[in-house]
Amino acid sequence: STDSACKNRPLDLVFIIDSSRSVRPEEFEKVKIFLSEMIDTLDVGERTTRVAVLNYASTVKVEFLLRTYFDRASMKEAVSRIEPLSAGTMTGLAIQTAMDEVFTEEMGTRPATFNIPKVVIVVTDGRPQDQVQDVAARARAVGIEIYAVGVDRADMQSLRIMASEPLDEHVFYVETYGVIEKLTSKFRETFCAVNVCALGTHDCEQVCVSNGGSYLCDCYEGYTLNPDKRTCSAVDMCAPGRHECEQICVSNNGSYVCECHEGYTLNPDKKTCSAMDMCAPGRHECAQVCLGNDGSYTCDCFQGYTLNPDKKTCSAVDMCAPGRHDCEQVCVRDDLFYTCDCYQGYTLNPDKKTCSRAVTSSLITSEESCKCEAIAALQDSVTSRLEALSTK
């Protein structure tokens, strides 16, 4: 029934069916029923899923191409007319023919830019009589997804070497052609249920999660699903307990980045911070001395200088200002230093700070000595005459 058709994502789908001598006529009819039921489950159309059928034994016959039919009725009519080829099982040749003669744009395959999956379903009951392993590997390498369906006497190892990974999703086996229709529901689940989110018909704002034949909405990391179960809101990743930043957390569109306070730098772990050497050359504005202080700094000056009000530059202090020196009498400024001196009549003591009164020399010349003696003799003479006159 066409009611069972699913809105699967578009496919370029090629059935490769074994009609070798081991497949009895009534069994081959069962294969054709399986193909018709598969077509009923697919969303067939020029812009949706295109179907081609290859019939093989020792030779390969392209029953119809991907560009031949775009409606189920025409496809099923063409399937009903397929006749078995009878001899041999050249599975590798059939896959190679699909690559060469079916999976081309001229024959109806859509361009790679359309991103339409290329899918092959091989149905066989025997062992390939050619090198199917190498051919299948080349097909998979060019992006063709291969499902292998084995019936009755089919060689399981051969099915596994031609199928795509994961094998448990691409290799199927049924005991007889009489129950091959059971696989219809399996392929319906494969092509329909798991692809609901690929159709683009869901209304999830961010993430669509397939759930059987339905879907659920989810959100990217850093977002939370709103009560409408469709849209998402960014969570505050910088809320307490939500981030791992040591100092500063900065929200960033549903995520966050860490930063550090001034004077600190972010460590390679992008979370913790280390204090920078603020006194390293070029990092501070101090004119003379920089004093580091846990990620910050203060300025200071050399001895003999004082810090200016800008807290950066320095000015030389007056070392001879009152209270700044220890000279007893005179302070003589000498750039950033000073020396002591004394007033006239005093001499500087050995401590280079205090002063003592200078001593007058007692040494006189011989000429001065003679003058003194003459003066003294005159004084004695005068004194004697005065005494003589007083006695008369």
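Here are some notes:
- Normalised contact order of the chain, rounded percent, pairs of Cα under 8 Å and 6 or more residues apart: 9 percent
- Helix-only mean residue ellipticity at 222 nm for the chain, each DSSP H run of n ≥ 4 adding -39500 (n - 2.57), per residue, nearest 500: -7000 deg cm²/dmol
- Accessible surface area normalised per residue over segment 204-287 is 65 Å², counting heavy atoms of protein chains with a 1.4 Å rolling probe.
- Residue with peak Gaussian network fluctuation, the chain [Cα springs, cutoff 10 Å], from Ser356, Ser315, Ser255: Ser356
- Solvent-accessible surface (1.4 Å probe) assigned to Arg24 amounts to roughly 110 Å².
- Placed amide H near Leu54: partners under 5 Å, 5+ positions off or other chain: Phe15, Ile16, Ile17, Glu63
- Phi-based couplings in Hz for segment 53-60 (Karplus 6.51, -1.76, 1.60; Gly and Pro marked x): 10, 10, 10, 9, 8, 7, 10, 10
- For the options Cys238, Cys286, Cys355, a Gaussian network treatment of the chain with springs between C-alpha atoms closer than 10 Å singles out Cys355 as fluctuating the most.
- The value of relative contact order for segment 114-176, using C-alpha pairs under 8 Å at least six residues apart, is 36 percent.
- Qualifying aspartates and glutamates (Cα of each under 15 Å from Cα of Lys32; at least 8 residues distant if same chain): Asp18, Asp40, Glu63, Glu77, Glu83, Asp125, Glu181
- For Asp125, the residues whose modelled amide H falls within less than 5 Å of its own, excluding neighbours fewer than 5 places apart on the same chain, are Val151.
- Assigned charges on the beta-carbon of Lys, Arg, Asp, Glu; the chain dipole about Cα centre (debye): 400 debye
- Beta bridges per DSSP with both ends in segment 7-193, % antiparallel, nearest 5: 15 percent
- Read-out Rg and Dmax of the Cα atoms in Å, derived from the coordinates shown; its label in (i) 55.3, 200; (ii) 35.2, 116; (iii) 25.2, 85: (i)
- Cα gyration tensor category, rounded, prolate or oblate, for segment 7-193 with a/c compared to 1.5: rounded
- Within the accessible area of the chain, the carbon and sulfur atoms contribute 50%, probe 1.4 Å, all protein chains present.
- Greater than 31 Å apart at Cα, pairs in Lys118/Lys182; Lys76/Lys186; Lys311/Lys352; Lys30/Lys118: Lys311/Lys352
- Projecting the Cα atoms of Val60, Thr184, Pro25 onto the dipole axis of segment 7-193, where Lys and Arg carry +1 and Asp and Glu carry -1 at the beta carbon, places Thr184 farthest toward the positive end.
The values are calculated or read from the model by the stated rules, or taken from the named source; none is laboratory data. Given the structure is predicted, the values throughout are model-derived calculations rather than measurements. Cβ: placed from backbone, ideal geometry, glycine included. Neighbour counts: every protein chain shown. Just the protein is used for accessible areas: all its heavy atoms, side chains included, with ligands, DNA and RNA removed. Shrake-Rupley method; radii C 1.70, N 1.55, O 1.52, S 1.80 Å.
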